[in-house]
Amino acid sequence: MNKVKLGLFSVLLLLGAAKTAMADDCQLTIDANDAMAFSANQMSAPASCKEVTVTLNHTGRLPANTMGHNWVLTTAGDFKDVATAGMSAGLDNHYVPQGDARVLAATKIIGGGETDSITFSTEALTAGEEYTFFCSFPGHWAIMKGSFKLM
């Protein structure tokens, strides 16, 4: 009887560890700096994630109004149009066109030493499809961009 209880306990421990590992895979972190660079040009999350949280850390020192960064997600096809529209939205709107359905997720603009996170549903995303993440601060999106995929 003790062996059965020990076996069940072991299975439950393993299942709990697997669930924790899956949840951690749905939590992503990326850094941005004063040299207009993200720390990664590719990001991915398992298709099993119902939600993904992206945390953006600005590791530089400059303030948001001069070297601010955000993390914006769109389809690869919508990227340039949304980035261009974002420039007109202004700093008060974090250089993101408000109410634009093409914006799948976006953090606020942050300055040096600041952090922001966005949690978004993956319901509208398709596994294997390519999405683009970028910083929509004017002039940044041309080089501060990367690919995002659900795997």
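Observations on the model:
- In the range 124-136, the residues that are in a loop (DSSP other than H, G, I, E, B) reach residues that are among the β-branched types (Val, Ile, Thr) with C-beta atoms within less than 6 angstrom, at least six apart or across chains, in these pairs: 136/72; 136/96.
- Test: residue in the range 96-104 that is closer than 14 Å to residue 140 by Cα and at pLDDT 95 or above: yes
- Per-region count, the range 142-151, residues in contact (Cβ under 8 Å) with a residue 60 or more places away in the chain, more than 18 Å from residue 52 (Cα to Cα) and over 12 Å from the mean Cα position of the chain (by Cα): 2
- Looking at 73, 62, just one residue is touching a residue at least 40 places away in the same chain (Cβ under 8 Å), farther than 20 Å from residue 147 by Cβ and of a type in the set (A, V, I, L, M, F, W, C), and that residue is 62.
- Taken across the range 78-94, residues that are among the small types (Gly, Ala, Ser), part of a loop (DSSP other than H, G, I, E, B) and under 29 Å from residue 24 (Cβ atoms) do not occur at all.
- In the set (1) of a type outside the set (Ser, Thr, Tyr); (2) loosely packed, with under 15 Cβ neighbours inside 10 Å; (3) under 21 Å from residue 36 (Cβ atoms); (4) in contact with a Cys (Cβ under 9 Å, 6 or more places away or on another chain), the condition left unmet by residue 144 is number (2).
- Selection count, the range 45-58, where residues are more than 12 Å from residue 105 (Cβ to Cβ) and surrounded by fewer than 16 Cβ atoms within 10 Å (Cβ to Cβ): 4
- In the range 99-141, residue surrounded by the most Cβ atoms within 10 Å (Cβ to Cβ) [restricted to those that are among the hydroxyl-bearing types (Ser, Thr, Tyr) and under 13 Å from residue 78 (Cβ atoms)]: 136
- All positions within the range 60-90 that are within 14 Å of residue 109 (Cα to Cα), exposed (fewer than 14 other Cβ atoms within 10 Å of the Cβ) and either of a type in the set (Val, Ile, Thr) or touching a helix residue (DSSP H, G or I) at 6+ places or on another chain (Cβ under 7 Å) (or both): 65, 66
- Test: residue in the range 40-55 that is β-branched (Val, Ile, Thr) and touching an Asp or Glu at 6+ places or on another chain (Cβ under 8 Å): yes
The values are calculated or read from the model by the stated rules, or taken from the named source; none is laboratory data. As the structure is a prediction and not an experimental result, all values here were calculated from the model. Every residue, glycine among them, receives a Cβ derived from its backbone with ideal geometry; neighbour counts consider all protein chains shown.
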